[in-house]
Amino acid sequence: MIKRTNITAIIGSICVLLTLLIFFLVPAYERTLINWLGLSFILLAEAVCTCGIIVLDRAATSSGGIMLRSGGISVLLLYAAASIFISILFQLLFRDSIRLFIILQAVIIAIAGILFLIILTAGLNTAARNEKVLNTVSEMQSLADRIAFLKNNEKNTAYKPRLEKLYESILYTDSTLPITNDGKIAGKCTELEQVFAGAGDGEESKIDSLIYEIQLLINQKVAESKAAKRGIFSYGI
């Protein structure tokens, strides 16, 4: 990452230096306002492109950031290419069209800005969705670990087959989509732990009831996940 940003900074600096050398060392024409404006927009495009790529490279720490980097770099390169092309074209062929030149540059900047905002929004939404998925997966893994602790406890030997089944149900449940009853599953698991901690005579029915309720909630989660995914694939959300 650091090596790539350094290379980007070096390339950007070389482009700026070459631009200045060409502008000041080529004495073939008289420099007028259009030349100075052209130089300014070229330098602006090179600086924005270089700094933007460096920032996007450092921000690419997730899938949303990677999406933002790839899309954002494309926009920056297209903006720089269009701005430099227009600057050179007007300096060579349309030296008196200063107002049109400024308008075109403003339009290019506006279009690039709009495209970048669209890509930024998409990248942030992707990152938010991925974070929710990771949190859900982590929570379900934590619940599975808690049930595993209960089933491996020698005091709970009588319930081990049912706890084993419950553990596998939680462990292999699709957790890529957050579902509304996830919190209920966690709450019921906490209740089950509390009952086992103070289990005595007459608690068997309560334990059986809680295991059944947790299994039912897991089945509902599976059904809701399948329904949600069918909706996603149908509507392309």
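Here are a few things to note about the model shown:
- Of all residues assigned to the range 175-186, at least one qualifies as being charged (D, E, K, R), assigned by TED's automatic domain parsing to the domain that holds LYS221, at pLDDT 80 or above and in a helix (DSSP H, G or I).
- Checked against (1) outside any loop (DSSP other than H, G, I, E, B); (2) surrounded by 12 or more Cβ atoms within 10 Å (Cβ to Cβ); (3) not assigned by TED's automatic domain parsing to the domain that holds ALA227, ARG95 meets all criteria but (1).
- Against the conditions (1) more than 12 Å from the chain's Cα centre (by Cα); (2) surrounded by fewer than 13 Cβ atoms within 10 Å (Cβ to Cβ); (3) touching a residue at least 40 places away in the same chain (Cβ under 8 Å), ASN135 satisfies every one except (2).
- Close pairs from the range 212-237: first of a type outside the set (Lys, Arg), partner at pLDDT below 65 and in a helix (DSSP H, G or I), Cβ under 8 Å, at least 6 apart: ILE237/GLY231
- First in the range 96-111 and on the phi < 0 side of the Ramachandran plot, second anywhere and of a type in the set (Gly, Ala, Ser), Cβ under 7 Å, 6 or more apart: GLN105/SER83; ILE108/ALA82; ILE108/SER83
- Residue count for the range 44-75 under the criterion of being surrounded by 18 or more Cβ atoms within 10 Å (Cβ to Cβ), at pLDDT 85 or above and in contact with a Leu (Cβ under 8 Å, 6 or more places away or on another chain): the result is 6.
- Test for ALA80: is it aliphatic (A, V, I, L, M) and touching an Asp or Glu at 6+ places or on another chain (Cβ under 7 Å): yes
The values are calculated or read from the model by the stated rules, or taken from the named source; none is laboratory data. It should be emphasised that the depicted structure is a prediction, and the values quoted were computed from it without experimental measurement. All Cβ positions, glycine included, derive from the backbone under ideal geometry; neighbour counts span all protein chains shown.
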